[in-house]
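Asker: What follows is a structure written as structure tokens; I'll ask about it next.
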Amino acid sequence: MFCKGCGNNLKEGAMFCTSCGKEVKIKQDDTVVQSDSSPEVSPAPKPPEDTEVNQEHQSLDNQQPQQYQHLAQQTLNVNNSRTVQKKNMILYALVGVVFFLVGGFLFQQVHTLGLDFIPKVDLLSSEFSPFILHTVATVCFTISLGLFISVFTLTRNKLSLYISMIPLTFVIICLLTIFIDDIPDNISDVPDTTPPVITSVNQSTLLNEAFALINEQRESYGFNPLVRRIDLDEGADIRAKEISIDLSNSRLDGREWDTAYKDLNIYYNSIQEQRASGHFTSESLVRSQMNHNENREGILNDNFEYIGLGLYIDNAGTYYWVIVFMQP
């Protein structure tokens, strides 16, 4: 067997020529075939494709836009929720302030709070008694309290919680005023347990002070002041002595209370008598009358023109007051 390139004698079964180095190929029919080119290198086999991984990548690629859309929708929902929450907070706060002002206005009509910027309106009539005004004011304060607490729930702002204490305080005051009659406005209004030494001079002073205080109350509500009559004072003095024995509408002889004034030839179209005991000062007397529904209506009745006052002190030092209003 010889090399086709250089004619060198090759050994049996040789794969390369020892002289020129060319590769020797042997055909099946023992014919030597010498390759003219460099050995062919077969391409590396491609690794088998992982179909599951490719499908997973494709599914992830498809899911990414959906996730982005979902996140964007969640962000939009959160922003919308915050916007609605802010609007509700502002609405609750404004409505709460309105109800608080309405309640404060009604409360001012019943009590003198020293708030000159709140006008006095004649709401105290038979249709609007202090009890009704107190009740409506309490409802307004309660609604205001609930709205302010709602604002605190939405914002978690401690300031709104502190503001809620204001209507809560008025709710408590209104409830106490509704269910407990004749509450003194301050400690100085509580009658002293030790009566002062009374003389005819300071007894007249007490009556004059009570007359002035009653007219002050009327003028603060826009009513005309009352005129004091001597004959009404005489009838009130008689009745003050009588109620020290029997604090009722009947006189000691069994007749009605108004006969004490008819016996003095006092003629009238309407007359009203208010009786009280245990008050050592005129301030305590008038404040007690203003805290009582019926007596308050008598003081603030614009139909009355005249007034009479009587005061009697018994041996035990108890004060008995009579206030009489008259329309001729």
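The values are calculated or read from the model by the stated rules, or taken from the named source; none is laboratory data. Since we're looking at a predicted model, the values are computed, not measured. Heads up, the Cβs are rebuilt from the backbone with ideal geometry, glycines too, and the neighbour counts pull from every protein chain shown. Surface areas here come from the heavy atoms of the whole protein model, side chains and all, with no ligands, DNA or RNA. Shrake-Rupley method; radii C 1.70, N 1.55, O 1.52, S 1.80 Å.
Asker: In segment 181-203, is there at least one residue being modelled with pLDDT of 50 or more, of a type outside the set (S, T, N, Q) and farther than 27 Å from Ala316 by Cα?
Answerer: The answer is no; no qualifying residue exists.
Asker: Next question, about the same structure. Taking the condition of being assigned to a helix (DSSP H, G or I) and more than 19 Å from Tyr306 (Cβ to Cβ), how many residues in segment 216-273 meet it?
Answerer: So the answer is 4.
Asker: Here are the criteria: (1) closer than 30 Å to Leu133 by Cβ; (2) free of Cβ contacts under 8 Å to residues at least 60 places away in the same chain. Tell me which single one Ser250 does not satisfy.
Answerer: (1)
Condition check ((1) on the phi > 0 side of the Ramachandran plot; (2) open to solvent by 40 Å² or more (accessible area, probe 1.4 Å); (3) more than 45 Å from the chain's Cα centre (by Cα); (4) of a type outside the set (Gly, Ala, Ser)) across all residues:
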residue: Asn215; (1), (2), (3), (4): no, no, no, yes
residue: Ala240; (1), (2), (3), (4): no, no, yes, no
residue: Leu247; (1), (2), (3), (4): no, yes, no, yes
residue: Leu252; (1), (2), (3), (4): no, yes, yes, yes
residue: Asn269; (1), (2), (3), (4): no, yes, yes, yes
residue: Asn291; (1), (2), (3), (4): no, no, no, yes
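Asker: Within segment 295-328, can you find the residues that are touching a Ser or Thr at 6+ places or on another chain (Cβ under 9 Å) and among the acidic types (Asp, Glu)?
Answerer: Listed by number, the residues that qualify are Glu297, Asp314.
Asker: Counting only residues that are open to solvent by 30 Å² or more (accessible area, probe 1.4 Å) and either in a loop (DSSP other than H, G, I, E, B) or modelled with pLDDT of 90 or more (or both), how many does segment 293-303 have?
Answerer: Residues of segment 293-303 that are open to solvent by 30 Å² or more (accessible area, probe 1.4 Å), as a first pass: 293-294, 297, 301-303.
Narrowing the set further to residues that are either in a loop (DSSP other than H, G, I, E, B) or modelled with pLDDT of 90 or more (or both) leaves 301-303.
Final tally of qualifying residues: 3.
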